[in-house]
Amino acid sequence: MIAAKRNRATKCRWFLASISFALAIGFISYLVEAGETLARVQTRRMLRCGVSDGRLGFSYRDAQGRWSGLDVDFCRAVAAAVIGDGAKVKFFPLVTTARFLALRSNEIDLLARNTTWTIGREAGLGVHFVGTLYYDGQGFMVARKSRVRKIADLQGAKICVLQKTTTEEHLADYFNSRGWNYQPVLANSMEEASKAFFAGQCSAYTGDRSNLAAVSLSAPTGREGYLILSELISKEPLGPAIKRGDEEWLTVLRWVLFALIEAEEQGVTSKNIRAKAQSKDPELVKFLDNQGTFAKLLGAKPGWIARILEAVGNYGEMFERNLGQGSALKLNRGPNRLWIDGGLMYAPPFL
């Protein structure tokens, strides 16, 4: 218990230090270049997008160097909207500790790295979150042969966790609030954490449930030997982020996200977009923005919604391809269903 409290205090000091660093170094820099990102991207004709250094379903590079995933698709949707070509993206794989620095230093234009939206990050680290691209939650994975079937069974256990993340913080909060002892085994990367877990150095591996599903696929003895517990200990709204101070860029990205969601609700897909573009339905005509009214207001290229859908499809297509039944992960949509289907995905009106 003492070790856990000591660990919690260390994390609090790290978080306060990171905020101080942002205020001392990053605060001034983001004000200087306010409003310039969209123009910079369009002039360069290339979107610089920060992604993970390898997370299946979100941003993953195969042996041929091809990127895929939900975050990758969002970057391509943005490029299709503002540049006119979804292929005009350069991906920057970033470790967890480098992601916000890369954003504040203008190394990247957009961070799409399965990052949790929190008040501490938005208010303290000089960033704006565009919205929620995926609703996740923190869970635990254990060996099926173990006797662990609920989180309470992990009292006193060694637990693998990524350090300096909200995952580490939620783990400490959850166990400390219940007076449970545990031993965190801290890792610098998902690869390091998974190797330690599969080598038997931890009784459990904690992380976002989508990440646990991806990690289980790399189990040396097969994913069938591992169990992801049903309980969740946190809310993890994962979404893209930009450097604070550029409201124009924020507005464009936010409505690209809403367009992906609205397209699914309207039944517009990558396969039927050309036919739907001929529709006389007033609501659909406004949404597809065939006249370019919204494009002009946003600073996007005319035909932006059609290009988004041709490049990556609507949100439902992106989900199924990267995370759902058409993927290796085979995750259920859960809260990522449309609001009309009982989920949380909801777009404001295109009016």
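Compute the angle between helix 70-82 and the longest alpha-carbon principal axis of the chain, please, reported from 0 to 90 degrees and rounded to the nearest 10. Compared with the principal axis, the helix lies near 20 degrees. Among K150/K243; K235/K276; K235/K271; K88/K286, which pairs are too far apart, with a Cα-Cα distance over 29 Å? Check vs 29 Å cut-off fails for K150/K243; K235/K276; K235/K271.
Each part reduced to its alpha carbon centroid, segment 198-234 and segment 250-266 end up 32 Å apart.
For the chain, the longest principal axis of the Cα atoms and the long axis of helix 166-177 meet at an angle of about 40 degrees. For segment 138-234, a crude dipole built from +1 on the beta carbon of Lys and Arg and -1 on the beta carbon of Asp and Glu, taken about the Cα centre, is about 380 debye to the nearest 20.
Here the residues T165, T206, T37, T293, ranked from fewest to most Cβ neighbours within 10 Å of their Cβ, fall in the order T293, T165, T37, T206.
Full extension of the chain between E192 and K286 gives 28.9 nm of extra length, using 0.36 nm per residue less the Cα-Cα distance. Extension gain for Q42-A98 works out to 17.6 nm (0.36 nm per residue, less the C-alpha to C-alpha distance). Contact order for segment 138-234, expressed relative to its length and based on alpha carbon pairs under 8 Å spaced 6+ residues apart, stands at 48 percent. If a spin label sat at a point 7 angstrom from the Cα of L351 along the line to its beta carbon, the backbone N atoms of segment 266-294 nearer than 14 Å would be those of 283-284, 286-287. Given the C-alpha centroids of segment 135-180 and segment 306-331, what is the distance between them in whole angstrom? Rounded to whole Å, the Cα centres lie 30 Å apart. Given an 8 Å cut-off on Cα distances and at least 6 residues of separation, report the relative contact order of the chain as a percent. Computed over the chain, the figure is 22 percent.
Note on the chain: dipole from Cβ charges, positive end direction compared against T251, S234, V130; the farthest Cα belongs to S234. Multiplying the residue separation of T251 and A123 by 0.36 nm and removing their Cα-Cα distance gives an extension gain of 44.3 nm.
Taking the charge dipole of segment 46-102 about its Cα centre, with +1 at Lys and Arg Cβ atoms and -1 at Asp and Glu Cβ atoms, the residue from C75, F92, G65 reaching farthest to the positive side is F92.
Our coupling estimate for segment 283-293, obtained by passing each phi through the Karplus curve with A = 6.51, B = -1.76, C = 1.60 and θ = phi - 60°, is 5, 5, 4, 5, 4, 5, 6, 4, 7, x, 4 Hz, Gly and Pro reported as x.
Under 5 Å from the amide H of V185 lie the amide H atoms of I159, C160, V161, each residue being 5 or more positions distant or on a separate chain, with H modelled from the backbone and absent for Pro and chain starts. Each Lys and Arg adds +1 at its Cβ and each Asp and Glu adds -1 at its Cβ; summed about the Cα centre, segment 84-208 shows a dipole of about 460 debye. A Förster radius of 41 Å, combined with the Cβ-Cβ distance separating S177 from A275, puts the computed FRET efficiency at roughly 0.15.
Spin-label model, E224/R149: points 7 Å from Cα along the beta carbon direction are separated by 2.1 nm. The fewest-to-most ranking of W339, W67, W249, W255 by surrounding Cβ atoms within 10 Å reads W339, W67, W255, W249. Secondary structure note: in the chain, about 55% of the DSSP beta bridges are antiparallel. A simple charge model with +1 on the Cβ of Lys and Arg, -1 on the Cβ of Asp and Glu and nothing else charged puts the dipole of the chain at about 760 debye relative to its Cα centre. Computed per residue of the chain from DSSP H runs no shorter than four, each worth -39500 (n - 2.57), the mean residue ellipticity at 222 nm is -11500 deg cm²/dmol. Counting neighbouring Cβ atoms within 10 Å and putting the fewest first, the residues D109, D281 line up as D281, D109.
We did not get these values from a lab; they are worked out from the coordinates using the rules stated. Just so we're clear, the structure is a prediction, and the values are computed from it rather than from any experiment. We place every Cβ from the backbone using ideal geometry, glycine too, and count neighbours over all the protein chains shown.
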